[in-house]
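What follows is one structure encoded as structure tokens, with my remarks underneath.
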Ligand SMILES: [Zn+2]
């Protein structure tokens, strides 16, 4: 178990009363509550994910909470960022959050860092904390936090959300893979909340799961999501867990790591370079190339992840219909070197699925560039028709 924090601090009579529902749990008890009091958690980004995560960590009695966020509260945040009140629009989030959490629990210390996380401050901000909780909404910060966590040998509780779906994992290189093992490069097609939208309660679920994982790590109880990625789909109301593997070639936690310090030039060197690599090496296949491959003796497995109605209205020849939420189970028995092409309407959702399949250990997985729309736009006399009957039906 990663960090059962030593149960040093004593509890006052007020604290014993406040945490009674914890203390009555044999898995927590007074000793566990003292571990919580002695623990320090850094929440980076106090927005949609950071709000519930920080609220629950503060309420649970985590002794020292750090809050990093350089933004101010915007009216459009209030739909999901439950730390803030309407009257706080325009205030720095870290300070408004600190006030709210301190009002919730005066027995803990809350430290506010109203600044953007950068390569220059990440090491110093993270160092005094035992666990880093991801409340960020961008890749640069996430890669940076992962690398800091690996180099400082502490768990990084990861969460991300988009539209109606979210993911959670615990990256802890001492016992499992890190974020970079799973996502060596930032995906090519990924939009932020502002572009994509997000259901208000979704970050509540994911941020609360992140808080739960952090509490388990501190208490040393249960099975944290180390080496596992939890996928949540709010529309289907489904949870899936896929196994993750450590990458021996990982640039930060592999056998021959290239990233050994967080240098001041890290932002440019690591993130931009990774983004540029991502542009070149994003695993995709053009419609023309796929048509050739489908005509070959060993065609790839084509998986259409759209809904049933869209699939039946038109799809690629030999496409197999597997709605996204059924993918983890449907592919469980497949060999990890099966060649797979993922198809959606325009390619954007496929990009996320390709990342998930890669995370599950599939090595030859591609998205169809531009999705079915690009395929249909190519359709000519030599091109397979859009309404070719499926060779395989829904599983
Ligand atoms: Zn790694």
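The values are calculated or read from the model by the stated rules, or taken from the named source; none is laboratory data. Computed from a prediction, not measured in an experiment: that's the story for all the values here. Cβ: placed from backbone, ideal geometry, glycine included. Neighbour counts: every protein chain shown.
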Starting from residues that are touching a helix residue (DSSP H, G or I) at 6+ places or on another chain (Cβ under 7 Å) and part of a loop (DSSP other than H, G, I, E, B), keep the ones in the range 332-359 and report whichever is nearest to residue 304 (Cα to Cα).
344
For the subset of the range 183-200 comprising residues that are farther than 25 Å from residue 236 by Cα and either modelled with pLDDT of 70 or more or within 12 Å of the ligand (Cβ to nearest atom) (or both), which member is surrounded by the most Cβ atoms within 10 Å (Cβ to Cβ)?
185
Looking at residue 211, is it more than 16 Å from the ligand (Cβ to nearest atom), under 16 Å from the mean Cα position of the chain (by Cα), at pLDDT 95 or above and not in a strand (DSSP E or B)?
yes
Qualifying residues in the range 236-253 (those that are closer than 20 Å to residue 224 by Cβ and either free of Cβ contacts under 8 Å to residues at least 24 places away in the same chain or not in a loop (DSSP other than H, G, I, E, B) (or both)) - the one farthest from the ligand (Cβ to nearest atom):
239
Take residue 315 and tell me if it is assigned to a loop (DSSP other than H, G, I, E, B), surrounded by 19 or more Cβ atoms within 10 Å (Cβ to Cβ) and either modelled with pLDDT of 85 or more or at negative phi (or both).
yes
Being within 22 Å of residue 234 (Cβ to Cβ), buried (at least 20 other Cβ atoms within 10 Å of the Cβ), in contact (Cβ under 8 Å) with a residue 12 or more places away in the chain and out of contact with any strand residue (DSSP E or B) (no Cβ under 8 Å at 6 or more places or on another chain) is true for just one of 324, 349. Which residue is that?
349
For the structure I just gave you, tell me whether residue 269 is at pLDDT below 90 and away from the ligand (no atom under 16 Å from the Cβ).
yes
Can you tell me which residue is surrounded by the most Cβ atoms within 10 Å (Cβ to Cβ) among those in the range 219-235 that are within 16 Å of the ligand (Cβ to nearest atom) and in contact (Cβ under 8 Å) with a residue 60 or more places away in the chain?
229
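Table: residues versus (1) part of a helix (DSSP H, G or I); (2) farther than 20 Å from residue 216 by Cβ.
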residue	(1), (2)
22	yes, no
32	yes, no
52	yes, no
57	yes, no
70	no, yes
79	no, yes
83	no, yes
96	yes, yes
What is the number of the single condition among (1) closer than 26 Å to residue 147 by Cβ; (2) modelled with pLDDT of 95 or more that residue 243 does not meet?
(2)
